[in-house]
Amino acid sequence: MDWDKLRIFHAVADAGSLTHAGDKLNLSQSAVSRQIRGLEEQLNTNLFHRHARGLILTEQGELLFDATAAMTKRLDTASARIRDSEEEVFGELRVTTTTGFGTLWLAPRLPKLYEKFPDLKVDLMLEERVLDLPMREADVAIRMKEPSQADLIRKKLMMIKMCLYASPAYLEANGTPQKIEDMSDHRLICQNTDSDQVGAGVTLIQQLMMHDVRSLLTVNNYFGVLQGVLHDLGIGVLPNYLTEDFPDLVQVLPETQSADVPVFLAYPEELRQSKRVSAFKDFVQDEIISYRKRLKDM
């Protein structure tokens with residue numbers, strides 16, 4: 001089969017649209033369409049059902065897409081190994097983590113990584129969805145639970161808790177709760193219990209909601225919760241890794257906190273020898289060791 005046609009077919013199947021695939025490949029829609037027609041003629045089968053809303057794979061198209069996806073994964077792995085055969089740490093590294101951890105802990109520390117490895121290109125993908133590392137949706141993941149996917153190397157980085165925090169200005173204006181029942185007199189800022197988040201956080205929020213909280217602001221990530229707290233809107237449920245970078249936050253009801261939440265770093269087995277992955281892993285571990293030491297000294 002023509003490798004170029006297979007590459008174009010994979011892009012169309014992935015995008016579900018000739019136009020979007022053409023944009024990705026820098027080809028016109030008509031050029032993409034000709035290649036797909038040529039492949040279908042070569043295989044003597046239809047690969048797509050054509051609908052007004054886009055393209056849907058036929059059964060034969062699904063079989064071919066599975067094959068091209070596996071080929072793409074193997075080519076990506078080979079490309080990564082070839083790039084990592086050099087002594088220097090350079091090239092793209094795709095890192096996925098949650099919006100909260102990525103914006104509030106990881107991103108502020110990245111200048112140190114770039115200072116040491118200026119030719120590294122980090123693609124930081126922040127979302128609550130767990131990306132498929134074995135299928136190379138990302139190279140490295142930092143997640144708030146142990147990964148369940150097979151063929152991953154994983155390292156526990158630290159344990160965190162969800163706690164209650166407020167700004168000094170909010171507490172001065174509204175008073176400081178002395179027991180959990182006092183939360184009924186305050187505005188709670190938290191993630192919606194239906195949003196993707198760690199189970200321990202949901203349990204803590206549900207516990208707080210049992211005390212007739214009079215006012216509520218829900219946000220779909222911890223960055224939004226933090227902004228509400230910093231702007232004196234109420235008492236927020238936030239991870240305790242924020243305390244170093246936001247020292248003015250006041251912990252409220254310190255005995256009210258979530259169970260421990262493990263933070264794991266994971267990457268595919270085939271990237272074990274990757275210099276880029278090793279550099280990033282060592283950087284994160286060094287930062288966490290320093291973070292723990294500073295917390296001890298506080």
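Per-structure values
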{"read-out": "Length gained when the stretch D119-F223 is fully extended (0.36 nm per residue, less Cα-Cα span)", "value": "34.6 nm"}
{"read-out": "Net length gained if the chain between T58 and T19 were fully extended (0.36 nm per residue, minus Cα distance)", "value": "12.1 nm"}
{"read-out": "Backbone N under 13 Å from the Q207 label point (7 Å along Cα→Cβ), restricted to segment 250-265", "value": "253-261"}
{"read-out": "Separation in nanometres of the label points that stand 7 Å from Cα toward Cβ, at N174 and A70", "value": "5.7"}
{"read-out": "Interchain or long-range residues, amide H under 5 Å from R187's placed H", "value": "I235"}
{"read-out": "222 nm mean residue ellipticity, helices alone, for the chain (DSSP H n ≥ 4; -39,500 (n - 2.57); rounded to 500)", "value": "-12500 deg cm²/dmol"}
{"read-out": "Cα-based shape type of segment 1-43, given that a ≥ b ≥ c are square roots of the gyration tensor eigenvalues and the cut on a/c is 1.5", "value": "prolate"}
{"read-out": "Chain lengthening between A78 and T193 when straightened (0.36 nm per residue, less Cα-Cα)", "value": "37.2 nm"}
{"read-out": "Dipole of segment 59-170, positive end: most advanced residue of P168, G61, P134 [Cβ charges, Cα centre]", "value": "P168"}
{"read-out": "Cα→Cβ-extended label distance, 7 Å offset, between R154 and D248, nm", "value": "3.9"}
{"read-out": "FRET efficiency estimate (nearest 0.05) - Cβ-Cβ, R129 to Q257, R0 30 angstrom", "value": "0.70"}
{"read-out": "For segment 38-157: rounded, prolate or oblate by the Cα gyration tensor [a/c cutoff 1.5]", "value": "prolate"}
{"read-out": "Mean Cα-pair separation over length for segment 90-198, i.e. relative contact order, pairs under 8 Å, 6 or more apart, %", "value": "28"}
{"read-out": "Over segment 15-78, relative contact order from alpha-carbon pairs under 8 Å, at least 6 apart, %", "value": "22"}
{"read-out": "Solvent-accessible area of H231 with every protein chain in place, 1.4 Å probe, in Å² to the nearest 10", "value": "130"}
{"read-out": "Estimated dipole of the chain in Debye, rounded to 20 [Cβ of Lys and Arg +1, of Asp and Glu -1, Cα centre]", "value": "380"}
{"read-out": "Segment 25-32 - phi-based ³J(HN,Hα) in whole Hz, Karplus 6.51/-1.76/1.60, Gly and Pro as x", "value": "8, 6, 10, 6, 4, 5, 5, 5"}
{"read-out": "Rel. contact order, % - alpha carbon contacts under 8 angstrom, at least six apart, segment 1-41", "value": "42"}
{"read-out": "Among beta bridges that DSSP assigns inside segment 51-192, antiparallel share in %, nearest 5", "value": "10"}
{"read-out": "Student exercise, segment 180-247 dipole from Lys, Arg, Asp, Glu Cβ charges, in Debye to nearest 20", "value": "120"}
{"read-out": "0 to 90° range, to nearest 10: angle between helix 59-83 axis and the chain longest Cα axis", "value": "70"}
{"read-out": "Global geometry of segment 146-212, whether rounded, prolate or oblate, following the gyration tensor of its Cα atoms and the 1.5 cut on a/c", "value": "prolate"}
{"read-out": "Angle in degrees between helix 199-209 and the longest Cα principal axis of the chain, rounded to the nearest 10", "value": "40"}
{"read-out": "Kirkwood Rh, angstrom, segment 190-298 [1 / mean 1/r, Cα pairs]", "value": "16.4"}
{"read-out": "Calculated FRET value between R272 and T99, using beta carbons and R₀ = 22 Å, to 0.05", "value": "0.20"}
{"read-out": "Along each principal axis, Cα extent of segment 88-133, largest first, Å", "value": "32, 23, 9"}
{"read-out": "Phi-based couplings in Hz for segment 282-297 (Karplus 6.51, -1.76, 1.60; Gly and Pro marked x)", "value": "5, 4, 5, 5, 4, 5, 6, 4, 5, 4, 4, 5, 5, 5, 5, 7"}
{"read-out": "V252 long-range amide H proximity, modeled H, under 5 Å", "value": "L164, Y165, A166"}
{"read-out": "Total formal charge among the other residues, if their Cβ is under 12 angstrom from that of N221, Lys/Arg +1 and Asp/Glu -1", "value": "-3"}
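The values are calculated or read from the model by the stated rules, or taken from the named source; none is laboratory data. Small disclaimer: the values here were computed from a predicted structure and weren't measured. Please note: Cβ atoms are built from the backbone with ideal geometry, for glycine as well, and neighbour counts cover all protein chains shown. Only protein heavy atoms, including side chains, enter the accessible area calculation; ligands, DNA and RNA are left aside. Shrake-Rupley method; radii C 1.70, N 1.55, O 1.52, S 1.80 Å.
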